[in-house]
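Notes for the one structure printed next.
The values are calculated or read from the model by the stated rules, or taken from the named source; none is laboratory data. In this text the structure is predicted, and so the values were computed from the model without any measurement. Heads up, the Cβs are rebuilt from the backbone with ideal geometry, glycines too, and the neighbour counts pull from every protein chain shown. SASA here: full protein model, heavy atoms, side chains in, ligands and nucleic acids out. Shrake-Rupley method; radii C 1.70, N 1.55, O 1.52, S 1.80 Å.
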Amino acid sequence: MAALVKRVGWATRPMLPVVQAWDLDARRWVRALRRSPVKVLFPSGEVVERKLDPGKQPRKAAAEASPREQQQKPQIQGPASQTPSTWEESGLRYDKAFPGDKRLSSVMTIVKSRPFREKQGKILLEGRRLIADALKAGAVPKVFFFSRLEYIKELPIEKLKGVSLIKVKFEDIKDWSDLVTPQGIMGIFAKPDHVKMTYPETQLRHTLPISLICDNLRDPGNLGTILRSAAGAGCSKVLLTKGCVDAWEPKVLRAGMGAHFQVPIINNLDWEAVPDHLPAGTRVYVADNCGLYVQAQAQRSNKASDYGWVRDQRPLKFHEYEEEEDLESGASQDWLPELEVQSYDSDWTEAPAAVVIGGETHGVSLESLQLAESTGGGRLLIPIVPGVDSLNSAMAASILLFEGKRQLRVRVERLSRDRHQH
């Protein structure tokens with residue numbers, strides 16, 4: 001019987017919990033207080049009115065205000081934004097690369113090969129700082145590959161219009177990166193034109209009447225370091241003749257540390273076109289890679305083979321033929337230009353100057369010596385201890401460029417001092 005009563009009691013128990021009336025009223029009060037009411041009515045009959053802040057009025061009263069009052073009330077509007085300030089306002093979109101996407105690999109194949117790079121007119125920039133410097137200088141981006149969205153949001157929004165934005169896995173970027181620690185963003189840019197670039201104002205104010213000519217520089221690290229020295233010294237421009245490594249190769253860009261966007265670089269020039277890119281009256285000086293001991297030997301013999309820094313661009317078979325003729329006839333080789341040799345710290349910056357730096361392996365070309373002779377220049381000798389090999393090309397370029405900067409500064413100080421005395 002007890003079990004039956006217990007079963008009946010369970011059957012008559014309500015399926016839903018009963019909510020007490022006071023519980024509903026409490027919830028109403030809490031909900032009403034959240035809505036910032038004008039009046040609060042308590043169960044005891046007490047009425048509490050809420051004081052409005054000065055200048056505010058209830059919604060109903062504001063809606064019933066006369067049109068004249070609404071017209072007289074000044075409307076404060078913020079200035080209209082001409083350009084979007086956030087990623088959301090700009091409406092930029094990006095694609096997400098799925099497994100099997102070949103866009104990254106196909107582009108990397110192009111920009112990492114010099115023939116393809118020159119044919120397509122595209123370069124690869126990697127790293128947030130280098131990309132930011134390129135955008136600031138006016139380089140035109142085409143595609144960005146990135147692993148995290150915040151890397152793209154750091155870039156100027158106005159520079160991203162019309163650019164393909166593709167999000168890829170960090171592992172994919174790491175596979176194609178030349179950096180030891182990839183930064184998760186790669187940019188494909190149109191090959192910059194020095195005429196259309198906007199160089200930093202500070203760099204332009206400190207530009208010196210000194211140009212740098214790179215001849216037969218084959219090492220990417222050396223060229224990148226030379227470009228950094230040229231930008232640091234305030235060089236007006238850097239000319240690269242045919243036979244040099246490409247200035248826009250990824251290894252050169254990495255060694256340059258942004259110098260490509262601080263000093264004008266003119267790439268792949270024939271020697272006949274070099275004078276067209278130099279100021280009028282420029283004297284060309286060749287950096288002498290020989291020590292005093294080697295130079296003394298060369299002056300006694302006057303043979304091209306004794307000048308370790310001279311390379312003739314004519315084919316090797318012609319040299320062999322000419323040497324055979326000279327041996328048979330006994331004639332001496334007189335095709336080597338005679339240049340005045342002067343110490344690197346002597347005054348050579350009276351007129352606009354251009355310094356030729358040759359590669360460590362091949363040396364300078366015969367055309368550079370002929371250009372120096374035709375412009376009234378000479379050879380700048382950096383003396384080293386006998387028996388020591390020639391200086392590194394980047395080191396020699398740095399010494400000469402900063403020596404030229406020192407000479408120009410001393411000349412300006414002397415002129416200023418003379419002007420004050422008179």
How about the stretch 191-207: which of its residues are surrounded by fewer than 18 Cβ atoms within 10 Å (Cβ to Cβ) and within 13 Å of the chain's Cα centre (by Cα)?
191, 197, 198, 199, 200
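Please specify each residue of the stretch 237-252 satisfying the condition of being open to solvent by 30 Å² or more (accessible area, probe 1.4 Å) and modelled with pLDDT of 95 or more. It would help to see each step written out before you state the result.
The first filter runs over the stretch 237-252 and keeps only residues open to solvent by 30 Å² or more (accessible area, probe 1.4 Å), leaving 237, 242-243, 249, 251.
If the condition is that a residue be open to solvent by 30 Å² or more (accessible area, probe 1.4 Å) and modelled with pLDDT of 95 or more, then 237 is the only one that fits.
From the list 413, 360, 367, 350, which residue is among the acidic types (Asp, Glu), closer than 23 Å to residue 273 by Cα and modelled with pLDDT under 95? Reasoning before the result, please.
Numbers: 413 fails: closer than 23 Å to residue 273 by Cα; 360 fails: closer than 23 Å to residue 273 by Cα; 350 fails: closer than 23 Å to residue 273 by Cα.
Exactly one of 413, 360, 367, 350 is among the acidic types (Asp, Glu), closer than 23 Å to residue 273 by Cα and modelled with pLDDT under 95, namely 367.
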Just give me the residues in the stretch 383-403 being open to solvent by 40 Å² or more (accessible area, probe 1.4 Å) and farther than 12 Å from residue 360 by Cβ, in sequence order.
383, 385, 386, 387, 388, 399, 402
Need a quick list: strands (runs of 3 or more DSSP E) entirely within the stretch 145-238 having at least 1 residues that are closer than 30 Å to residue 102 by Cβ.
164-167, 185-190
Unmet requirement for residue 416, which otherwise passes all of (1) among the small types (Gly, Ala, Ser); (2) in contact (Cβ under 8 Å) with a residue 60 or more places away in the chain; (3) out of contact with any helix residue (DSSP H, G or I) (no Cβ under 6 Å at 6 or more places or on another chain)
(2)
Please count how many residues of the stretch 101-119 are open to solvent by 60 Å² or more (accessible area, probe 1.4 Å), part of a helix (DSSP H, G or I), among the basic types (Lys, Arg) and at pLDDT below 90.
2
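Out of the stretch 346-355, which residues are loosely packed, with under 15 Cβ neighbours inside 10 Å and either under 23 Å from residue 237 (Cβ atoms) or in contact (Cβ under 8 Å) with a residue 60 or more places away in the chain (or both)?
Scanning the stretch 346-355 gives 347, 350, 351.
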So how many residues does the stretch 275-301 have that are open to solvent by 70 Å² or more (accessible area, probe 1.4 Å), modelled with pLDDT under 95 and not in a helix (DSSP H, G or I)?
1
Can you tell me how many residues in the stretch 356-382 are open to solvent by 20 Å² or more (accessible area, probe 1.4 Å), assigned to a loop (DSSP other than H, G, I, E, B) and of a type outside the set (Ser, Thr, Tyr)?
3
Tabulated pairs, the stretch 381-396, first on the phi < 0 side of the Ramachandran plot and acidic (Asp, Glu), second modelled with pLDDT under 85 and open to solvent by less than 20 Å² (accessible area, probe 1.4 Å), C-beta under 7 angstrom, 6+ apart or interchain
none
Of the criteria (1) buried (at least 22 other Cβ atoms within 10 Å of the Cβ); (2) without any contact (Cβ under 8 Å) to a residue 40 or more places away in the chain; (3) farther than 22 Å from residue 116 by Cα, which one residue 272 fails:
(1)
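Going by the structure shown, is residue 98 of a type outside the set (Ser, Thr, Tyr) and at pLDDT 95 or above? Talk me through it step by step, then tell me what you get.
Values: of a type outside the set (Ser, Thr, Tyr): yes; at pLDDT 95 or above: no.
Against the criterion (of a type outside the set (Ser, Thr, Tyr) and at pLDDT 95 or above), residue 98 does not qualify.
Before we move on, is residue 255 in a helix (DSSP H, G or I), modelled with pLDDT under 95 and within 27 Å of the chain's Cα centre (by Cα)? Steps first, please.
On the way: in a helix (DSSP H, G or I): yes; modelled with pLDDT under 95: yes; within 27 Å of the chain's Cα centre (by Cα): yes.
Answer is yes for this residue.
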Restricting attention to the stretch 150-158, does a residue exist that is surrounded by fewer than 18 Cβ atoms within 10 Å (Cβ to Cβ), under 15 Å from the mean Cα position of the chain (by Cα) and among the hydrophobic types (A, V, I, L, M, F, W, C)?
no
For the stretch 208-233, the count of residues that are out of contact with any helix residue (DSSP H, G or I) (no Cβ under 6 Å at 6 or more places or on another chain) and surrounded by 22 or more Cβ atoms within 10 Å (Cβ to Cβ) equals 5
